[in-house]
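These notes concern the structure reproduced below.
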Amino acid sequence: MNLTEITRIYMIETIFPLWTENLYIICNNIHIPLSYKYDVSIMIIDILDIIEKVKSKTVGDIKIRWSSDTFNCEWSIQWSNEELKVSSESENVVGNVDKVLTD
């Protein structure tokens, strides 16, 4: 991790105090809350990397391991032209929805 990445994490953790707003991922009509302070601040580097790779190549794939305490998943992302497919394997997601998400 370089200084720019550490700075982004620190900025997000500082901006959002504990127990404030959440970001929600909606998957199969299941709303999964992610804490800006802890989950998103760690995930932001991977999120920016995904966006950059999808924007720079018309075809590609990437595998990401989210290892947050409340969102422990592995995402396999494939894209070509205007189609984006995300496959997920969940191990520990807030709300005990792992099995529903994986199914």
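Between VAL54 and LYS99, residue separation times 0.36 nm minus the direct Cα-Cα distance comes to 13.4 nm. Each residue, SER67 and ILE26, gets one label point 7 Å from its Cα in the Cβ direction; the gap between the two is 3.2 nm.
Rule-based calculations on the coordinates, nothing more; no lab input. If you're wondering where the values come from, they're calculated on a predicted model, not measured in any experiment. Cβ sites come from the backbone with ideal geometry, for glycine too, and all protein chains shown count toward neighbours.
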